[in-house]
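Here's the structure we're looking at; comments come further down.
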Amino acid sequence: MTARVKALAGSSIVHVLFAFLAMGGWAVFANRLHPMPQPVIAGLVQGILSGCLTLFLKSVVEALSRRFSGFTVLWAPPLIACLGSTGILVTIHALSGTPEILKTIAVPLLVSTSYAAIYNYSISSGRR
């Protein structure tokens, strides 16, 4: 891999942009059967939320993992991050009038919770 490709792969801007496009696109698809502009609004809302959550998830998991020990450190930080993300996603989608809230947030929550669990395990296993 060239230095330029490695730099792009590690760039926060690239990660945020990817989250915006991928999860925003998913939200448009999940709401496609509803009249316009509802799918587009859901996509914009989810894209913005996914971009923001991408920026903060890593630091939240790191902070939470320092607060727990033993077996609890393996499951509590990703669970708390998932519950927090769920609360934010449901609230903002409800306020913005997203028709298919559960379908809209299912994939983003699966991806972010998987990431939180894997990342948490990787940083916690080194301390155990």
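If I filter region 79-93 for residues that are open to solvent by 40 Å² or more (accessible area, probe 1.4 Å), under 23 Å from TYR121 (Cα atoms), without any contact (Cβ under 8 Å) to a residue 12 or more places away in the chain and not β-branched (Val, Ile, Thr), do I get at least one hit? Within region 79-93 (the criterion being open to solvent by 40 Å² or more (accessible area, probe 1.4 Å), under 23 Å from TYR121 (Cα atoms), without any contact (Cβ under 8 Å) to a residue 12 or more places away in the chain and not β-branched (Val, Ile, Thr)), the answer is yes, since at least one residue qualifies. PHE71 satisfies every condition listed in (1) in contact (Cβ under 8 Å) with a residue 60 or more places away in the chain; (2) more than 22 Å from PHE18 (Cβ to Cβ) except (1). For region 65-77, how many residues meet the condition of being open to solvent by less than 30 Å² (accessible area, probe 1.4 Å) and either of a type in the set (A, V, I, L, M, F, W, C) or at pLDDT below 95 (or both)? Matching residues across region 65-77 total 3. For region 101-125, the set of residues classified as open to solvent by less than 70 Å² (accessible area, probe 1.4 Å) and either farther than 22 Å from GLY25 by Cβ or in contact with a Pro (Cβ under 9 Å, 6 or more places away or on another chain) (or both) consists of THR113, SER114, ALA116, ALA117, TYR119, ASN120, SER122, ILE123, SER124, SER125, listed by residue number.
Restricting attention to region 78-128 and to residues that are over 22 Å from ILE41 (Cβ atoms) and of a type in the set (Val, Ile, Thr), the residue that is nearest to the chain's Cα centre (by Cα) turns out to be THR113.
The values are calculated or read from the model by the stated rules, or taken from the named source; none is laboratory data. These numbers were taken from a predicted model, which means no experiment stands behind them. Virtual Cβ from ideal backbone geometry, glycine too; neighbours counted across all protein chains shown. To get the accessible areas, we keep the full protein, side chains included, count just its heavy atoms, and leave off ligands, DNA and RNA. Shrake-Rupley method; radii C 1.70, N 1.55, O 1.52, S 1.80 Å.
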